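Presented below is the structure to which this report refers.
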Amino acid sequence: MTTPQTYVQQKAAASGSSFYYAFLFLPEAQRQAITAFYAFCREVDDVVDEVHDPEVAARTLQWWSREVSAAFAGNPSHPVLQALMPHTSAYGIQARHLHAVIEGCEMDLAYSRYTDFAGLERYCHLVAGIVGEVAAKIFGQTDAATTTYAHKLGLAFQLTNILRDVGEDALRGRIYLPLQELERFNVPASDLLERQYSERFTALMQFQVARAQQLYDEALALLPEADRRSQKPGLMMASIYRTLLREIESSHYQVLHQRIGLTPLRKLWLAWKMQALGRM
């Protein structure tokens, strides 16, 4: 019989995400909490990626919203929330956090383009900044200022995902890179949809990667010294994601026809290096 704990463990491991490697080094209670929360995020994100009828996807996200409310009222029915609810009080996880993640996924149903960076930033805050906020609490946040760090780091993570997935997203008809910035670099949206490389596209990607790297620098500068040790899992993920950005650069931004990634062994090495040596 599959228990809620087994379910979320399998859900998290199956994703192959860099986040999973950072969880491995956590004490048991924290690992259970972050695994359950991450599994929730995967569940609602999968609705957008795997349910092809937008109306069905919207109704499914509405079901998840009702399920979150019921869970925080003491009646969780889905194994993900059954696994998460025992940890919500200890780590300050609130219904608003989960509803925000759902709201971000609903934006994916409503928008396939973003006009400007401000709009994209709002989306990133919901699907990644809020995730960073909850993760920071689970990791052992003691300073309120760490929340600002977590929000900015989440933004950097999401932008990295977007840069990695430019080609895959285009196949789904989605363009997350702001249309104002495509226009600035004279890159028609059709170039992304048709996988057309050019010097203009390279310049656009150089700009995007530089902004993401700057956001990592800004986030790390915001992390209070008092929380640096407790937030090591986030720093592990930052090490993995910044390495991914460098891989995208070294490929000359060949992201339209392939998904550039790191091997599981390399992710584990980068996570261990941060855990054991404290450096990226």
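Quick check: residue separation of Thr6 and Arg96 times 0.36 nm, minus the Cα distance between them. What number comes out in nm? Walk me through the numbers on the way to the answer.
Numbers: separation 90, 0.36 × 90 = 32.40 nm, distance 2.55 nm.
So the extension gain works out to 29.8 nm.
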Pairwise label distance in nanometres, Arg113 with Asp53, each label 7 Å out on the Cα-Cβ vector: 2.8 nm
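May I ask you to derive the FRET efficiency for Ser251 and Asn75 from their Cβ-Cβ distance with R0 = 45 Å, giving the value to the nearest 0.05?
Values: r = 49 Å, r/R0 = 1.08.
According to the calculation, E is roughly 0.40.
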Rg ratio (alpha-carbon, reference 2.2 N^0.38 Å) - the chain: 0.99
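Considering only lysines 8 or more places apart in sequence, or on different chains, count the pairs in the chain whose C-alpha atoms sit under 21 Å apart. Kindly include the intermediate steps, with their values, before the conclusion.
Working: Lys11/Lys267; Lys137/Lys152; Lys137/Lys232; Lys152/Lys232; Lys232/Lys267; Lys232/Lys273.
Value for the chain: 6.
Evaluate E = 1/(1 + (r/R0)^6) for Arg122 and Leu193, where r is the Cβ-Cβ distance and R0 equals 25 Å; express this FRET efficiency to the nearest 0.05.
Working: r = 24 Å, r/R0 = 0.96.
Efficiency, from the Cβ-Cβ distance: 0.55.
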Accessible-area composition of the chain, carbon plus sulfur, in percent [1.4 Å probe]: 50 percent
Relative contact order of region 103-251, pairs being alpha-carbon contacts under 8 Å that are 6 or more residues apart, as %: 31 percent
Euclidean distance between Cα centres, region 226-280 to region 145-218, Å: 18 Å
Estimated dipole of the chain in Debye, rounded to 20 [Cβ of Lys and Arg +1, of Asp and Glu -1, Cα centre]: 860 debye
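Per residue, how many Å² of accessible area does the chain show with a 1.4 Å probe? Walk me through the numbers before you get to the answer.
On the way: 12610 Å² over 280 residues.
Here the per-residue accessible area is 45 Å².
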Diffusion coefficient, µm² s⁻¹, Stokes-Einstein with Kirkwood Rh over alpha-carbon pairs of region 1-133 at 25 °C and 0.890 mPa s: 160 µm²/s
Separation in nanometres of the label points that stand 7 Å from Cα toward Cβ, at Trp272 and Ser15: 2.4 nm
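Going by the alpha-carbon gyration tensor, a ≥ b ≥ c the square roots of its eigenvalues, is region 146-190 rounded (a/c under 1.5) or, if a/c is not under 1.5, prolate (a/b greater than b/c) versus oblate? Walk me through the numbers before you get to the answer.
Details: a/c = 3.70, a/b = 1.84, b/c = 2.01.
Cα axes put region 146-190 in the oblate bin.
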Inter-part distance where region 103-125 and region 67-97 are each reduced to a Cα centre, Å: 26 Å
Alpha-carbon Rg with Dmax, taken over region 1-78, Å: 13.7, 41
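The values are calculated or read from the model by the stated rules, or taken from the named source; none is laboratory data. Keep in mind it's a predicted model, so treat the numbers as computed, not measured. When we count neighbours, we look across all protein chains shown, and the Cβ atoms used for this are built from the backbone with ideal geometry, even at glycine. Just the protein is used for accessible areas: all its heavy atoms, side chains included, with ligands, DNA and RNA removed. Shrake-Rupley method; radii C 1.70, N 1.55, O 1.52, S 1.80 Å.
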